[in-house]
Amino acid sequence: MKKIIFSLLIIVALSIYAVSKAVAISPTPSKAATPLSTRRSTPSPTATREDKQIEKIKDLVASKVAELKLVDKRGMVGKVKTSSDSQITATDFSGKEIKVDVDELTKFNSSDKDSFGISDVKNGDVLSIIGLFNKDTERLLARFISYATNIPENVEAVVTDKDAANFSLTIATTDGRKMTVDIESSTKTESYEDGDTIKSGFSKIEKVS
């Protein structure tokens, strides 16, 4: 009886050992790794919208910078040659003809008239105009228009005297006139040397001996 029991124990032990070996040899199933070449990053709708907004802002900034480089604030005093409801053609003190555009934002001012507008502008009027000058089209978009009180004058002259205390010059023009020129802190002074125009100043101006 003992031999039979011992034989049965040996059979059971061998059976357990065989099953454990079979389980150890069988590969453990695992998830298949995705090859790197097949992995793709799909952008989210939110990220796509943000990228489009950033590009739009960049385009707007670039357009505004280009516009600022093209447009310059400028003022002029000129005599009206022609005028209409939306445009004035004027000649400045140097004889150059300038096209001045007028729109709904243009403001008119007159010390003599309570009501002053584009319909009051007549040929021969001398106007002071401030606006935005387009360097490409060479047109001035008027923002302020008023009658001019002081008209600039272009003269060719030599310095005959210099008052350093009062910052003024006495000049003699080519047609024999004598004039006094006051130099202000806002006065722009330039000199012409060796074919180039360079920045100058009151202290560098010398009178003719």
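The values are calculated or read from the model by the stated rules, or taken from the named source; none is laboratory data. Keep in mind that this is a model prediction, so the values were computed, not measured. Positions of Cβ are backbone-derived with ideal geometry, glycine not excepted, and every protein chain shown enters the neighbour counts.
The single condition among (1) of a type in the set (Gly, Ala, Ser); (2) part of a strand (DSSP E or B); (3) not assigned by TED's automatic domain parsing to the domain that holds residue 88 that residue 165 does not satisfy is (2).
Residues are listed down the side, and each one gets a yes or a no for (1) touching a residue at least 40 places away in the same chain (Cβ under 8 Å); (2) not in a loop (DSSP other than H, G, I, E, B):
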| position | (1), (2) |
| --- | --- |
| 172 | no, yes |
| 175 | no, no |
| 185 | no, no |
| 188 | no, no |
| 198 | no, yes |
| 208 | yes, no |
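When residue 106 is tested against (1) more than 20 Å from residue 143 (Cβ to Cβ); (2) modelled with pLDDT of 55 or more, just one condition goes unmet, and that condition is (1). The set of residues in region 173-191 being touching a Ser or Thr at 6+ places or on another chain (Cβ under 9 Å) and closer than 20 Å to residue 94 by Cα consists of 179, 181, 189, 190, 191. Among the residues that make up region 120-132, is at least one of them in contact (Cβ under 8 Å) with a residue 60 or more places away in the chain and either surrounded by 15 or more Cβ atoms within 10 Å (Cβ to Cβ) or within 29 Å of the chain's Cα centre (by Cα) (or both)? Scanning region 120-132, I find at least one residue that is in contact (Cβ under 8 Å) with a residue 60 or more places away in the chain and either surrounded by 15 or more Cβ atoms within 10 Å (Cβ to Cβ) or within 29 Å of the chain's Cα centre (by Cα) (or both), so the answer is yes. Just a yes or no: is a residue in region 167-188 touching a Lys or Arg at 6+ places or on another chain (Cβ under 7 Å), of a type in the set (Ser, Thr, Tyr) and under 26 Å from residue 85 (Cβ atoms)? Within region 167-188, not a single residue is touching a Lys or Arg at 6+ places or on another chain (Cβ under 7 Å), of a type in the set (Ser, Thr, Tyr) and under 26 Å from residue 85 (Cβ atoms). The numbered conditions (1) outside any strand (DSSP E or B); (2) surrounded by 15 or more Cβ atoms within 10 Å (Cβ to Cβ); (3) not assigned by TED's automatic domain parsing to the domain that holds residue 100 are all true for residue 116 except (3).
Of note, residue 167 does not satisfy the criterion of being at pLDDT below 95, under 36 Å from the mean Cα position of the chain (by Cα) and surrounded by 13 or more Cβ atoms within 10 Å (Cβ to Cβ). Can you work out which of the residues in region 76-91 that are in contact with a strand residue (DSSP E or B) (Cβ under 7 Å, 6 or more places away or on another chain) and free of Cβ contacts under 8 Å to residues at least 40 places away in the same chain is farthest from residue 156 (Cα to Cα)? For region 76-91, the residue satisfying everything is 86.
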